[in-house]
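See below for the structure under consideration.
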Amino acid sequence: MVLSRKQGALKQYDVFNGDADGICALHQLRLADPAPEAELITGVKRDINLLSRIEEVKNSSIAVFDVSMHTNMNSLERLLSGGNEIIYIDHHFPGDIPQSAGLRHHVNPDPDVCSALIVDALLDGKFRLWSLCGAFGDNLDKIANAIGAGMGLSSIDLDRLQETGELINYNSYGAQVKDLFFPPEDLYRAIREYRSPFDFFERSKTLKTLKVGFESDMSLALSQPEYKKYGRNRVFRFPGSPWARRVSGVFANLKARENPGGAHALITENRDETLRISVRAPLSDKQGADVLCRSFPSGGGRASAAGINALPPALLDDFLTKFDQTYS
């Protein structure tokens, strides 16, 4: 089996982004190839330097989902040199992929692909409903709806998958885990009890908690005025409150869907007075967000959706100028 673990491995590590895409990618694989004793390594959405947490590990199996290879390159090469076997599934810019017999990589940075859809292809669609949750959570609504319609799913079914994916994704945004309703590893543990996302939607108290929190946070977000406007492109600014950090990603995705021809940026104040930036390229032309954000310290992401973790306030005007130039 293409996803089977290393024979005789000392231990299994599952490393995943704490958002819907990372969780749904991992969940599909573990439904197909269970590893109940795996050590889970994850964090808030922007805590992506996750391989650095695996230290002094040799001859083990490591599965990585929805985490930038480029950001984790030094740790990846260190782990490969220790005789570990690594399967890497991701859709971010990878940089120069190492040539190693211990690395199996499935990396596709196409803006219409997410990690959950990559796993879906590897498993021949065996748990496709979960891949649609991941795609909806990653704001790939058009693609998820098209796949679901091809499966014969009703509009009600698709709405439930979309809500599930968005609520899982909502739980990933925060400066630290205590901003979230659930640590991502606990949310994954709740999800892995369900083979069907429809059962999870109907029965999970965890999901109901997220729904209540989401509705409260979104009502506050929708009351915030536009901060700047450049033609079709819009910028919003949120205060440094937990609700603002929690809802930032889902709010940015919502605004992108409302105005598919425009780009969007969301500025959220950090505790140390730096600024957290989320950028969404126009859904009609999913390009440029990664290049824009990587031009600033602590920036990264994908062509369609990227961010800057800690922008110095003195660089805000520079960012806004480059945002306008990128999408004018």
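A few comments on the model shown:
- Highest-MSF residue in the chain out of S223, S131, S155 [GNM, Cα springs under 10 Å]: S223
- All Cα-Cα distances of segment 196-302, cut into 10 Å bins from zero to the largest, leave 14, 39, 32, 14, 1 percent in each bin in turn.
- The trypsin sites (Lys or Arg not before Pro) of segment 139-214 that meet both conditions, a loop assignment by DSSP and at most 13 other Cβ atoms within 10 Å of the site Cβ, are R195.
- The three principal axes of the C-alpha atoms in segment 135-226 carry coordinate ranges of 38, 37, 19 Å, sorted with the longest axis first.
- Relative to the longest principal axis of the Cα atoms of the chain, the long axis of helix 20-32 makes an angle of roughly 20 degrees.
- Rolling a 1.4 Å probe over the heavy atoms of the protein chains gives the chain an accessible area of 42 Å² per residue.
- Computed from the C-beta positions of D96 and R53 and an R0 of 25 Å, the FRET efficiency is 0.65 to the nearest 0.05.
- Between the exposed loop cleavage positions of the chain, defined as GluC sites (Glu not before Pro) in a non-H, G, I, E, B DSSP state with at most 14 neighbouring beta-carbon atoms within 10 angstrom, the longest gap is 57-192.
- Computed from backbone phi, the HN-Hα couplings of segment 231-245 come to x, 7, 8, 10, 10, 10, 9, 10, x, x, 10, x, 4, 5, 5 Hz, rounded to whole numbers (Karplus: 6.51 cos²θ - 1.76 cosθ + 1.60, θ = phi - 60°; Gly and Pro given as x).
- Axis angle, to the nearest 10 degrees, between helix 205-221 and the longest C-alpha principal axis of the chain: 20 degrees.
- To the nearest ten degrees, helix 141-150 and the longest principal axis of the Cα atoms of the chain are 50 degrees apart.
- Cα-only Debye scattering, segment 31-165: base-10 log of I(q)/I(0) at q = 0.11 Å⁻¹: -0.44
- Charge tally for N259 (other residues, Cβ to Cβ under 12 Å; Lys, Arg +1; Asp, Glu -1): +4.
- In nm, spacing of pseudo-spin labels at T209 and A32 (7 Å Cα→C-beta vector): 3.1
- Kirkwood hydrodynamic radius of the chain, Cα pairs, Å: 19.9
- Of M218, M151, M73, the one that fluctuates the most in a GNM where the chain has Cα springs shorter than 10 Å: M151
- Spatial extent of segment 240-320: Rg and Dmax, with the Cα atoms as the point set, Å: 12.0, 35
The values are calculated or read from the model by the stated rules, or taken from the named source; none is laboratory data. Nothing here was measured: the structure is a model prediction, and the numbers come from that model. Positions of Cβ are generated from backbone atoms using ideal geometry, with glycine treated the same way; all protein chains shown enter the neighbour counts. To get the accessible areas, we keep the full protein, side chains included, count just its heavy atoms, and leave off ligands, DNA and RNA. Shrake-Rupley method; radii C 1.70, N 1.55, O 1.52, S 1.80 Å.
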